[in-house]
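Structure first, commentary second.
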Amino acid sequence: MYDLSKVVVTSSPHIKASDDTRSLMADVCLALLPALAVSVLTFGWRALVLTVATVISCVFFEWLYNKLVHAPCTIGDLSAVVTGMLLAFNIPVAAPIWMPVIGGAFSIIVVKMLFGGIGKNFMNPALAGRAFMMASWPAFMTVWTRPGAEIPLFGNVTVTDAISTATPLASLKGGALPEADALHLFLGQTGGVIGETSALALLIGGAYLVYRKVISINIPLAYILTVAVLTFAFPMGGQERFTWMLSQILSGGLMLGAIFMATDYVTSPVTPKGQIIFGVGCGLLTVFIRYFGGLPEGVSYSILLMNTLVWFIDKKTHPRKFGYALDKKEGK
């Protein structure tokens, strides 16, 4: 006989894991370190200065908001650190240091905290901050630096022919292949924002997150494969299909967005089917904007647009109860 007096009745969940928000965010920070290291090697120590400044600003503004509204301090969960790193990864190394600080304020206060804090924002804070800076200071957000160029550690960067360069996506936008070959694109020896240039470093970070089960491979795989299929099927300028496809995949923010932005827990679907739909949608929008939009890059705006549809995707793809009729409309 069982002694039922020792049975403890509690509410779900009944299975608990040792993972928490802080450990998950710490894993994301570790996964971003290879890309940060490559950015320092490619663009110099100013890349690290901008990243540190952005992280500090994001942490400070989250602390300040909680202080002003008399809410518990939440900076210990490291989510603001992740937002700061991702926001810094989305700006050129020649940007003035004050700009990502203001962008950090927008990302944390407007996009994250005013909606209730972590777990309640409806779009990715770092990408929203990038879109805000692109709309506010497009001249600063479109100045690209040659790998290995001598730029000051602090202060404003004077743009000259010695340091400025075109990004691979600028060439692809015109229907031409970039000057850099696939190996240089893969390693990150090209112009671009701080954290997007090295596909190798980003893939290493992504593999770590998948190994640690921090992210699922569904969204990145669906996203990248969609871009690969579309660009292989429809190359521009009469370019060789495989080379064109490879250049599209390895250029711009596709790897950064697919691995670290589109997989954000809060702003991506929770069901496997929904994650695949989300990834395919991001890929379709990315190619559409790259081909027909006014800007050469479409990753950020694609993910932001799909963020707004996550509620609908989850609603249509969540598991149904046995016997539940999907189209059943009682009382109507």
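The values are calculated or read from the model by the stated rules, or taken from the named source; none is laboratory data. Values in this document were obtained by computation on a predicted structure and should not be read as measured data. Neighbour counts are summed over all protein chains in view; Cβ atoms, including those assigned to glycine, are modelled from backbone coordinates with ideal geometry. The accessibility values were calculated without ligands, DNA or RNA, using every heavy atom of the protein model including side chains. Shrake-Rupley method; radii C 1.70, N 1.55, O 1.52, S 1.80 Å.
At a glance:
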{"read-out": "Exclusive hit being out of contact with any Phe, Trp or Tyr (no Cβ under 6 Å at 6 or more places or on another chain) and under 18 Å from residue 23 (Cβ atoms), set 88, 80, 71", "value": "80"}
{"read-out": "Tally of residues being in contact with a strand residue (DSSP E or B) (Cβ under 7 Å, 6 or more places away or on another chain) and either small (Gly, Ala, Ser) or open to solvent by 40 Å² or more (accessible area, probe 1.4 Å) (or both) across the stretch 76-118", "value": "1"}
{"read-out": "Filter result (in contact (Cβ under 8 Å) with a residue 12 or more places away in the chain, in a loop (DSSP other than H, G, I, E, B) and out of contact with any Leu (no Cβ under 9 Å at 6 or more places or on another chain)) within the stretch 72-88", "value": "74"}
{"read-out": "Among (1) part of a loop (DSSP other than H, G, I, E, B); (2) over 15 Å from the mean Cα position of the chain (by Cα); (3) surrounded by fewer than 24 Cβ atoms within 10 Å (Cβ to Cβ); (4) not aromatic (Phe, Trp, Tyr) - the single one residue 191 does not satisfy", "value": "(3)"}
{"read-out": "In the stretch 284-310, the residues that are touching a residue at least 60 places away in the same chain (Cβ under 8 Å) and within 24 Å of residue 120 (Cβ to Cβ)", "value": "300, 301, 303, 304, 307, 308, 310"}
{"read-out": "Any hit, the stretch 48-71, residues being within 27 Å of residue 269 (Cβ to Cβ), more than 18 Å from the chain's Cα centre (by Cα) and at pLDDT 95 or above", "value": "yes"}
{"read-out": "Positions within the stretch 251-287 being in a helix (DSSP H, G or I), open to solvent by 10 Å² or more (accessible area, probe 1.4 Å), in contact with a Ser or Thr (Cβ under 9 Å, 6 or more places away or on another chain) and closer than 19 Å to residue 31 by Cα, in sequence order", "value": "255"}
{"read-out": "Residue within the stretch 236-245 that is in contact (Cβ under 8 Å) with a residue 40 or more places away in the chain, open to solvent by 40 Å² or more (accessible area, probe 1.4 Å) and assigned to a helix (DSSP H, G or I) present", "value": "yes"}
{"read-out": "When residues of the stretch 143-160 are limited to those that are buried (at least 16 other Cβ atoms within 10 Å of the Cβ) and in a loop (DSSP other than H, G, I, E, B), the one modelled with the lowest pLDDT", "value": "157"}
{"read-out": "Single condition residue 91 does not satisfy, out of (1) aliphatic (A, V, I, L, M); (2) assigned to a helix (DSSP H, G or I); (3) within 18 Å of residue 137 (Cα to Cα); (4) at pLDDT below 95", "value": "(2)"}
{"read-out": "Residue check, residue 35 assigned to a helix (DSSP H, G or I) and crowded, with 21+ Cβ neighbours inside 10 Å", "value": "yes"}
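Yes/no per residue for (1) in contact (Cβ under 8 Å) with a residue 24 or more places away in the chain; (2) part of a loop (DSSP other than H, G, I, E, B); (3) touching a Gly at 6+ places or on another chain (Cβ under 8 Å):
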position: 54; (1), (2), (3): yes, no, yes
position: 95; (1), (2), (3): yes, yes, no
position: 104; (1), (2), (3): yes, no, yes
position: 117; (1), (2), (3): yes, yes, no
position: 123; (1), (2), (3): yes, yes, no
position: 129; (1), (2), (3): yes, no, yes
position: 140; (1), (2), (3): yes, no, no
